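See below for the structure under consideration.
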Amino acid sequence: MKPLTDTIANVNIEDLCRMDLGSLWHPFTQTMEWERDRPLFIERAEGNYLIDMEGKRYIDGVSSLWANVHGHGRQEINESIIRQLGRVSHTTMLGLSHPSAAVLAERLVSITPKGLDRVFYSESGSTAVEIALKIAYQYWRNMGADSNAKKSFLCLREGYHGDTLGAVSVGGIDLFHAIYKPLLFRPYISPSPHCYRCELDLEPDSCGMACSDRVEEILENHHEDIAAMIMEPLVQGAGGIRVAPKGYLARARELCRRYDVLFITDEVATGFGRTGTLFACEHEGVSPDIMTVGKGITGGYLPLAATLTTEKIFNAFRGEYGDFKTFFHGHTYTGNPLGCAAALASLDIFKNDEVIGHLPPKIEAFQKGLERLAAHPNVGDVRQAGLMMGIELVEDKTTKNPFPLEKRMGHRISMACRKYGAIIRPLGDVLVLMPPLSIRHDEIRTLLAAVESSIIELTEKTF
Ligand SMILES: *Cc1c(COP(=O)(O)O)cnc(C)c1O
């Protein structure tokens, strides 16, 4: 066999810039800014560090978009993928099965909240959400619901569930979602459970969690029209790392049970340890009817996602072929064997390294660091659920007035962090920190110091 050439090894940075700027279109990226900032190429990664073409190392402060869990280049995950490569890279789940998919399904059932007993695979968080919505909708058809009944969804303002049109329909971030409105189905929308900027203009000490009363009002008035409620449990991620008040999740779950509406929790961001427990639902002892997972499921190595349901929902899709209760849905790369192999290795690491048990001191170290940053005159709020953290920048701390849009404060501070050896990506003017669970204490210090230096540099204010 002739040795193959390594195409990547011989291109230099100038050529790469030309190719990128000339041929690529980057997601969630304004091209004008991209061109101005100049592309940064990550050539390698090691542990919790990304390494650029010049060998400069950066802490992966947002886990390569909230996906990486145990650090980069973990031998166990690499070897599991390589073993699977030696067997088969891809086959189909349509009419066939493969060992890694079956073993992983049983393990996912065993580690997710009680009652979730079936696993439907896909390859991104968005597709997992599409599947959840379609299952919920068809569940009621298969159960014999009137064609006018149980056809809508209830979701939350500032919620985020992905970028495909079904997921966008139940999304509540105007900046991303408003332009597509004419293409979307219309859900019922309840206020974002968020105390720093309460939509209802109430105070957490005295409101009695009025935002959850709105969920109840909507369910009381419209439950016959609503197939399911969907929400991100505990933390609205892309909405700005908004941590919900304690008890909100459990109350939403209970209300859905009472009004016979399916409860979907989207754990694509919060799953696999990110909030300090394996799944965010565990914080409030909640078992949903349907749950979506993605991002961290493979340790952040390969695209894989899953939608889990109860046996009751699964059974509603049983019948003779001619009953047309089949769930006619499935992507080409559904349950890809390489992804499943990576996921199995990642779950082994969780167990063998007692990953969850080692989180509390790291969470506490970040908490102390955030408390310190909160004293800065332009930090309006700091929010944390485990290793999901948001630092909201404001121009005026008292009025909570944001910086003018054109200052691009969040963006510029995040770019400045690179100088100090950290890669982060903000959500507007909310700086996001979401490092791999494997981050070490010295790396936590470096990351927090990079953020602090960048805030001081760009605001020109010390504290
Ligand atoms: C990222 C995210 C998604 C979408 O996942 P993709 O893999 O990007 O399609 C869905 N839901 C939540 C809560 C997310 O954070």
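The values are calculated or read from the model by the stated rules, or taken from the named source; none is laboratory data. Keep in mind that what you see is a predicted model, and the values were worked out from it rather than measured. Ideal geometry is used to build each Cβ from the backbone, glycine not excepted, and the neighbour counts take in all protein chains shown. Keep in mind that these areas ignore ligands, DNA and RNA; they rest on the heavy atoms of the full protein, side chains included. Shrake-Rupley method; radii C 1.70, N 1.55, O 1.52, S 1.80 Å.
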Checklist entry - From the square roots a ≥ b ≥ c of the eigenvalues of the alpha-carbon gyration tensor of the stretch 345-438, which class results: rounded (a/c under 1.5), prolate (a/b over b/c), or oblate? => result prolate
Checklist outcome for this item: As straight-line cross-link partners of Lys419, the qualifying aspartates and glutamates (C-alpha separation under 14 Å, not fewer than 8 residues apart within one chain) are Asp37, Asp52, Glu54, Asp60, Glu452, Glu457
Checklist entry - For the stretch 78-352, treating each Cα as an identical point scatterer without solvent, what Debye log10 I(q)/I(0) comes out at q = 0.13, 0.14, 0.16 1/Å? => result -0.85, -0.98, -1.25
Next on the checklist: Run the paramagnetic zone check for Arg412: 7 angstrom along Cα to Cβ, then residues of the stretch 429-463 with backbone nitrogen under 11 Å.
Outcome noted: 457-460
Item to check | Potential lengthening between Arg258 and Glu457 on full extension [0.36 nm per residue; Cα-Cα distance subtracted] | outcome: 66.4 nm
Next on the checklist: Tell me the Rg and the Dmax, in Å, that the Cα atoms of the chain produce.
Outcome noted: 22.5, 74
Checklist entry - With charges set only on the Cβ (+1 for Lys and Arg, -1 for Asp and Glu), what does the dipole of the stretch 289-342 come to about its Cα centre, in debye to the nearest 20? => result 140 debye
Checklist entry - Using θ = phi - 60° and the Karplus curve 6.51 cos²θ - 1.76 cosθ + 1.60, what whole-Hz ³J(HN,Hα) does each residue of the stretch 165-177 get, with Gly and Pro shown as x? => result 5, x, 5, 5, 4, 9, x, x, 9, 4, 4, 8, 10
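Please report, in debye to the nearest 20, how large the charge dipole of the chain is about its Cα centre when each Lys and Arg carries +1 at its beta carbon and each Asp and Glu carries -1 there.
Details: 49 positive and 59 negative charges, 104 e Å.
Charge dipole of the chain: 500 debye, to the nearest 20.
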Checklist outcome for this item: By the C-alpha gyration tensor axes a ≥ b ≥ c (rounded if a/c is under 1.5, else prolate when a/b exceeds b/c, else oblate), the shape of the stretch 240-381 is oblate
Item to check | DSSP-loop chymotrypsin sites (Phe, Trp or Tyr not before Pro) across the stretch 1-56, with at most 14 other Cβ within 10 angstrom | outcome: Trp25, Phe28, Phe41
Checklist outcome for this item: So Lys56 and Met32, fully extended at 0.36 nm per residue minus their Cα-Cα distance, gain in nm 6.1 nm
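Please list Phe263, Phe328, Phe463 from largest to smallest accessible area, probe radius 1.4 Å, with all protein chains kept in place. Intermediate results must be reported in sequence, preceding the final value.
Values: Phe263 0, Phe328 125, Phe463 90 Å².
Solvent-accessible surface, decreasing: Phe328, Phe463, Phe263.
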Checklist entry - So what is the relative contact order of the chain, in percent, for Cα pairs below 8 Å that sit 6 or more residues apart? => result 20 percent
Item to check | In the stretch 78-352, lysine pairs with alpha-carbon atoms under 27 angstrom apart (chain gap of 8 or more, or interchain) | outcome: 25
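Carbon and sulfur together cover what percent of the accessible area of the stretch 78-352 at a 1.4 Å probe radius? Walk me through the numbers on the way to the answer.
Numbers: 6280 of 11790 Å².
Result for the stretch 78-352: 53 percent of the exposed heavy-atom area is carbon or sulfur.
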Checklist entry - What distance in nm separates the simple spin-label points at Lys114 and Arg186, each placed 7 Å from Cα in the Cβ direction? => result 4.1 nm
Next on the checklist: Given axes a ≥ b ≥ c from the Cα gyration tensor, I'd like to know whether the stretch 418-462 is rounded (a/c under 1.5), prolate (a/b larger than b/c) or oblate.
Outcome noted: oblate
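Under the rule of -39500 (n - 2.57) per DSSP H run of 4 or more residues, summed and divided by the residues of the chain, what mean residue ellipticity at 222 nm is obtained, to the nearest 500 deg cm²/dmol? Please list the in-between numbers first.
Details: 15 runs with 163 residues, N = 463.
The per-residue figure over the chain is -10500 deg cm²/dmol.
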Next on the checklist: What distance in nm lies between label points placed 7 Å from Cα along the C-beta direction at Lys246 and Cys198?
Outcome noted: 1.7 nm
Checklist outcome for this item: Stretched fully, the stretch from Arg18 through Asp348 gains (0.36 nm per residue minus C-alpha distance, one decimal, in nm) 114.6 nm
Item to check | Accessible area (Å², per residue) of the stretch 78-352, counting only protein heavy atoms and a probe of 1.4 Å | outcome: 43 Å²
Next on the checklist: List the residue ranges in the chain for DSSP H helices whose C-alpha atoms run 20 angstrom or more along the long axis and whose Kyte-Doolittle average is 0.0 or above.
Outcome noted: 337-352, 441-459
